[in-house]
Structures are given as structure tokens and as C-alpha cells.
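See structure below.
The values are calculated or read from the model by the stated rules, or taken from the named source; none is laboratory data. In this text the structure is predicted, and so the values were computed from the model without any measurement. Note that we place each Cβ from the backbone using ideal geometry, even for glycine, and neighbour counts take in every protein chain shown. Accessible surface areas use protein heavy atoms only, side chains included; no ligands, DNA or RNA. Shrake-Rupley method; radii C 1.70, N 1.55, O 1.52, S 1.80 Å.
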Amino acid sequence: MKVLYLSAWYPTERDQMAGLFVQKHVEAVRAQGAEVRVLYTEEKGWRYWRTMCRKWQALRNEGWRPDIIQMNVLDKNGVWAWLLWKIYHIPYIIVEHWSGYLPANFSFKGGWHGWLMRKIAKEAKCILPVSQMLEDAMKKCGIQNNQWERIHNVVDDFFYEETSKGSRSGRESETVWLLHVSCFDEKAKNTQGILRAYQQALASRPNLHLTMVGAGVDWQQSKDYATKIGLTDEQVRWTGELPPQEVCHEMQQADCFVLFSNYENAPVVLSECLAVGLPVISSRAGGIPEMIDEQCGQLVPVKDEQALTQAMIQFDTTQYNIENLHQHGEQYRFSSVGKQLMNIYDYAIQS
């Protein structure tokens with residue numbers, strides 16, 4: 001099967017993290033035997049259209065024709081998918097990750113743009129949001145389709161390795177190791193809220209230690225804020241951005257993962273925590289309640305710093321069964337997601 005990916009985001013040399021979850025879908029279906037090509041450009045305006053025309057013509061010159069198109073995020077790429085459907089009768093599906101439909105981050109455009117996006121969505125063979133909450137939000141924006149199915153993001157296989165089991169057992173230290181990993185976008189991730197709650201928790205539980213992993217536009221701002229409120233380097237460790245294998249190692253060594261987002265869809269980092277067997281304290285944002293139940297961690301209201309502080313103080317690692325967390329994480333494996341996508345491709349082509 002030949003699959004063409006059209007994506008609003010995709011990793012580049014300039015930004016290797018942008019759209020990484022899309023690249024993982026590509027790898028998942030390739031592992032199932034699909035031949036995949038990706039059309040992507042960072043160009044804007046008329047340069048975008050010129051570049052995409054050249055890339056498509058290059059595929060045509062090779063004699064390569066897709067059987068199915070997967071469009072990641074309903075944007076201008078949808079015009080390409082719709083045109084290829086009308087001209088060449090190549091069906092397309094839409095995988096949606098965008099948080100702009102959610103009330104907390106609403107930015108879905110109306111007018112002719114909204115009309116066009118609704119039309120493109122309606123003619124897709126299937127729409128696959130990454131959470132039920134995202135599906136509901138899309139429908140409230142007038143996005144309609146006869147076939148909806150939830151799709152998961154993919155977790156690298158090394159997060160499931162046996163070395164993750166029991167790596168936190170047998171410690172003599174009474175220190176409780178908290179971990180946060182994100183892109184440090186303050187509007188979405190509320191890292192300063194984590195720092196304030198952590199500072200308050202230290203007064204009752206001084207054996208807490210927090211590691212902050214990642215980079216992003218607000219990383220330095222968050223680090224400076226920690227200093228401003230009196231947190232020391234002994235209390236908060238800042239690693240900067242780490243490759244996935246090292247993120248996995250940090251998760252294997254941590255006792256609890258902390259996420260306090262203002263809005264989310266289905267964060268990959270929580271799927272990785274489940275694969276590793278790491279309990280979670282998180283805000284009840286977006287699709288997170290669909291991922292984390294009482295066997296996997298504790299959820300607190302969005303922006304409720306007092307509740308987050310209490311969750312840190314009361315966290316008990318013995319309350320959670322690592323095997324149960326592993327079982328919750330199985331649905332995010334490459335093989336599971338790859339097979340699901342291949343079944344959807346078959347459905348779209350046959351219909």
C-alpha cells in the first residue's frame with residue numbers, strides 16, 4: 001500500500017521536535033509494510049503552493065501514485081488532499097492533533113476559511129482525533145463526517161523495555177523524585193504553576209526533588225522564575241532538551257511525573273509514562289482524563305495550585321502497581337497504532 005502524508009508539522013534540521021508524533025505514525029505504518037512519502041514544507045504564502053506543486057510533480061515524474069492520503073491537521077494541506085481526491089480519486093483521511101478547537105485555546109477561524117475546512121472535513125473518508133474531547137470540540141465547530149475513530153500517538157519501543165521495571169525499587173534514599181518534561185510553552189504547560197506548587201509542598205515535605213526536562217520559548221523564563229521565588233539548584237534540576245532515550249532514562253529513575261497544563265489533547269509524554277510504569281500527577285485538562293485513571297495517578301483541577309501542592313505532599317509511590325501502568329500503556333505501541341491505521345486505510349480505499 002502506498003500512503004502519502006500531508007502534514008502541518010514535521011521534524012526538520014531546524015526543529016527536530018516539531019510534528020515528531022506525525023513522524024512516529026509514518027514509522028508505525030512503514031513497519032506494517034506500507035510505502036510512505038511525506039509532502040511537507042515550511043514555506044508560507046505563494047511559496048508554499050509553488051513548493052508543494054514541485055514536490056507533487058516530482059512524485060508524478062517517478063510514477064509514484066498513492067492509494068490513500070493521510071492529512072495531519074485540518075489546514076491548507078486539506079486543499080491538496082481535496083484536489084487529489086477530485087482529480088485522481090485518491091481518498092483521504094484526517095488525523096487531528098490541533099488544540100485550537102478547544103475552548104481554552106480556541107482559534108478556529110470562521111468565514112470562508114471555516115467553510116472550506118468544514119467542506120474538506122466532510123468529504124474525508126474518516127476523521128481521527130487523538131482524544132474524545134477533541135472530537136467533541138471539533139463537532140461544536142461544525143466539523144462533520146460520517147466516520148470518526150480515535151487514534152493514539154505512538155510511543156517508542158524502548159520505553160517498554162524490561163529495564164524500566166523495578167528501576168525505582170530498593171532505594172535507600174527517602175527522596176521523592178518528581179519529573180516534568182515539556183516544550184516549556186507557559187501558556188499551555190503552566191510550568192510556573194508547577195514551581196509555585198512545588199515550593200509550597202517543600203514546606204511540608206522537604207524530601208521532594210524536581211527535575212525539569214525540555215526546552216522551548218519559555219525555558220529561560222521558567223528557570224529565572226524558579227530563582228526569583230527562592231528555589232535552588234539543589235531543589236530543582238534543569239537538564240535542557242534531551243534525546244528520547246535519555247528522557248526514557250529520566251522516567252525510569254523518577255517516582256512521579258507532574259504535568260499541570262492549562263489545555264491539552266492527548267500528550268505523548270503521558271503515554272510514555274504509562275509505558276515506563278511511572279505514576280502521574282496531572283491537571284484534568286483536555287483528553288488527559290481519558291488517559292489517566294486512579295490506577296495510573298491523580299488528577300487535579302486546571303490551575304488549582306493548592307490541589308497540586310497537596311497531591312505532591314500526599315503522593316505515595318507504593319500506591320501504584322507498575323504492571324497495571326504497563327498494561328495501560330500497551331495501546332500506544334508502534335504495532336498497535338500501525339495496525340489500526342492500516343485497517344483504516346483499507347476501509348477508506350474500499351469505501
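As a summary of the residue check, I292 satisfies the conditions (1) free of Cβ contacts under 8 Å to residues at least 24 places away in the same chain; (2) among the β-branched types (V, I, T); (3) touching an Asp or Glu at 6+ places or on another chain (Cβ under 6 Å) except for the one numbered (3).
One residue stands out among those in region 1-28 that are part of a loop (DSSP other than H, G, I, E, B) and open to solvent by less than 50 Å² (accessible area, probe 1.4 Å): the one that is nearest to Y88 (Cα to Cα), which is A8. Within region 29-53, being farther than 20 Å from V73 by Cβ, under 21 Å from the mean Cα position of the chain (by Cα) and in a helix (DSSP H, G or I) holds for one residue alone: R30. Where helices (runs of 4 or more DSSP H) sit wholly within region 278-351, those with at least 3 residues that are farther than 20 Å from Y198 by Cβ occupy 288-291, 322-329, 334-350.
Starting from residues that are of a type in the set (D, E, K, R) and open to solvent by less than 70 Å² (accessible area, probe 1.4 Å), keep the ones in region 118-135 and report whichever is farthest from L4 (Cα to Cα). Only one residue fits best here, namely E135. Within region 245-290, the set of residues being open to solvent by 10 Å² or more (accessible area, probe 1.4 Å), in contact with a Phe, Trp or Tyr (Cβ under 7 Å, 6 or more places away or on another chain) and of a type outside the set (V, I, T) comprises Q245, Q253, D255, E272, G286. Note on region 132-155: among residues that are of a type in the set (A, V, I, L, M, F, W, C) and not in a loop (DSSP other than H, G, I, E, B), the one that is farthest from the chain's Cα centre (by Cα) is W148. If you scan region 226-236, which residues turn out to be open to solvent by 40 Å² or more (accessible area, probe 1.4 Å) and within 24 Å of K187 (Cβ to Cβ)? Within region 226-236, T227, K228 qualify. Applying the condition of being under 21 Å from the mean Cα position of the chain (by Cα), among the aliphatic types (A, V, I, L, M) and surrounded by 21 or more Cβ atoms within 10 Å (Cβ to Cβ) to region 77-113 and asking which residue is modelled with the lowest pLDDT yields L102.
Between W85, W115, the distinction of being free of Cβ contacts under 8 Å to residues at least 60 places away in the same chain and over 15 Å from V3 (Cβ atoms) belongs to W115 only.
Per the conditions (1) closer than 14 Å to A8 by Cα; (2) open to solvent by 10 Å² or more (accessible area, probe 1.4 Å); (3) of a type in the set (S, T, N, Q), the sole criterion not satisfied by Q70 is (2). A count restricted to region 31-59 and to residues that are within 16 Å of S7 (Cα to Cα) and of a type in the set (D, E) stands at 2. Being small (G, A, S), in contact with a strand residue (DSSP E or B) (Cβ under 6 Å, 6 or more places away or on another chain) and in contact (Cβ under 8 Å) with a residue 60 or more places away in the chain holds for only one residue in A275, A266, A254, and it is A254. Of all the criteria given as (1) out of contact with any Leu (no Cβ under 9 Å at 6 or more places or on another chain); (2) more than 24 Å from S204 (Cβ to Cβ); (3) of a type in the set (S, T, Y), the one not satisfied by T227 is (2). Yes or no: region 302-317 includes at least one residue that is modelled with pLDDT under 95, closer than 21 Å to V268 by Cβ and either touching an Asp or Glu at 6+ places or on another chain (Cβ under 8 Å) or surrounded by fewer than 17 Cβ atoms within 10 Å (Cβ to Cβ) (or both). Scanning region 302-317, I find no residue that is modelled with pLDDT under 95, closer than 21 Å to V268 by Cβ and either touching an Asp or Glu at 6+ places or on another chain (Cβ under 8 Å) or surrounded by fewer than 17 Cβ atoms within 10 Å (Cβ to Cβ) (or both), so the answer is no.
Rundown of residues vs (1) among the hydroxyl-bearing types (S, T, Y); (2) open to solvent by 10 Å² or more (accessible area, probe 1.4 Å); (3) part of a loop (DSSP other than H, G, I, E, B), yes/no style:
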{"site": "A201", "(1), (2), (3)": "no, no, no"}
{"site": "H209", "(1), (2), (3)": "no, yes, no"}
{"site": "M212", "(1), (2), (3)": "no, no, no"}
{"site": "G216", "(1), (2), (3)": "no, yes, yes"}
{"site": "Q220", "(1), (2), (3)": "no, yes, no"}
{"site": "D224", "(1), (2), (3)": "no, yes, no"}
{"site": "W238", "(1), (2), (3)": "no, yes, no"}
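Out of R168, R196, one residue alone is farther than 28 Å from P11 by Cβ, part of a loop (DSSP other than H, G, I, E, B) and either touching a Ser or Thr at 6+ places or on another chain (Cβ under 8 Å) or modelled with pLDDT of 95 or more (or both). It is R168.
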